[in-house]
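First comes the structure, then the notes that go with it.
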Amino acid sequence: SGRMPQAFPGQLGTTRGEEKLWRQFWDDGPLDVNVDYLKVEGQRADLSEIRSAVQQPRTHALGMVFYQIDEMMHGQTLGTRGMHQSVEQWAKQGALLPTLDVLKSEGYRLFITSDHGNVRATGHGKPQEGSTVDNRGRRARVYRAENLRASVADEYPESVEWPSIGLPDDYYPLLSADRSMFDREDTTAIVHGGAALEEVIVPFIEVA
């Protein structure tokens with residue numbers, strides 16, 4: 001959307017509004033362009049669907065989301081090295097290269113980016129807040145009141161009460177610090193949602 005999260009509070013925590021927000025971004029801009037959006041789920045892309053999206057009528061801005069990477073991350077049991085190997089294998093054999101070939105043949109400028117990165121984290125305990133927590137992420141918990149967040153932060157002194165700049169008024173995140181996560185002690189996993197550099201700095205690459 002190109003906007004701060006406080007501009008769409010009802011969409012936080014879900015990807016259901018992505019297509020609508022993508023289209024609104026272009027509708028609000030100065031250019032008169034035809035826009036489309038595709039979700040690519042699973043290992044392969046439907047190249048005929050992609051060709052149809054870009055050709056008639058001519059699409060000027062096509063947003064595509066590949067979900068395979070996120071699915072691999074959530075099922076990863078071999079740590080960071082296993083994640084890197086899975087991504088490399090997918091890049092060679094999955095939907096990415098055939099899709100880029102089709103778009104390149106249609107004359108598009110191609111950009112690749114990500115919504116976030118990932119980090120290998122170790123559990124340091126799992127809060128038992130019941131219904132007081134709005135989002136139970138392993139790297140971040142979200143509360144609807146500042147005092148509720150503070151009560152959990154007291155139990156986890158290494159956690160970070162993240163400032164609500166740019167967020168809705170009733171959105172109070174509590175981040176798990178460093179390379180830790182809100183989970184059973186000594187468990188490890190590939191996760192995201194915190195403030196580690198690997199999570200918040202993402203690539204933005206133009207494919208020549």
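The values are calculated or read from the model by the stated rules, or taken from the named source; none is laboratory data. Worth saying up front: this structure is predicted, and the values here are computed from it rather than measured. Ideal geometry is used to build each Cβ from the backbone, glycine not excepted, and the neighbour counts take in all protein chains shown. Calculation scope for accessible area: heavy atoms of the full protein, side chains included, ligands and nucleic acids excluded. Shrake-Rupley method; radii C 1.70, N 1.55, O 1.52, S 1.80 Å.
Data for the structure
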| item | result |
| --- | --- |
| Highest-first arrangement of 146-155, 131-140, where packing means the average Cβ count within 10 Å | 131-140, 146-155 |
| Where only C-alpha atoms are counted, convex hull volume of region 143-208 per residue in Å³ | 118 Å³ |
| Dipole of the chain, positive direction: furthest Cα of Leu62, Gly166, Ala177, with charges on the beta-carbon | Leu62 |
| Separation of alpha-carbon centers, region 128-163 and region 10-87, rounded to whole Å | 31 Å |
| Point-charge dipole on Cβ atoms (K/R +1, D/E -1) for the chain, about Cα centre, debye to 20 | 460 debye |
| Whole-percent carbon and sulfur share, accessible surface of region 1-86, 1.4 Å | 49 percent |
| Probe 1.4 Å, accessible area per residue of the chain, Å² | 62 Å² |
| Count of Lys pairs (Cα-Cα under 22 Å; at least 8 positions apart or interchain) in the chain | 4 |
| Label-point separation, Ala145 to Ser131 (7 Å along Cα→Cβ), nm | 1.3 nm |
| For region 1-46, size of Cβ-based charge dipole, Lys and Arg +1, Asp and Glu -1, in debye | 220 debye |
| Tensor-based shape of region 1-70 (alpha-carbon gyration tensor, a/c under 1.5 rounded, otherwise prolate or oblate) | oblate |
| Positive-end residue, the chain charge dipole about Cα centroid, Cβ charges, pick of Leu47, Ala195, Ala150 | Leu47 |
| Cα-based Rg and Dmax for the chain, where Dmax is the largest Cα-Cα distance (Å) | 19.6, 58 |
| Nitroxide proxy distance, nm - points 7 Å out along Cα→Cβ at Phe25 and Arg58 | 2.3 nm |
| Ile165 paired with Leu197, simple spin-label distance in nm, labels 7 Å along Cα-to-beta-carbon | 2.0 nm |
| Kirkwood Rh in Å, taken over all unlike Cα pairs in region 64-147 | 16.1 Å |
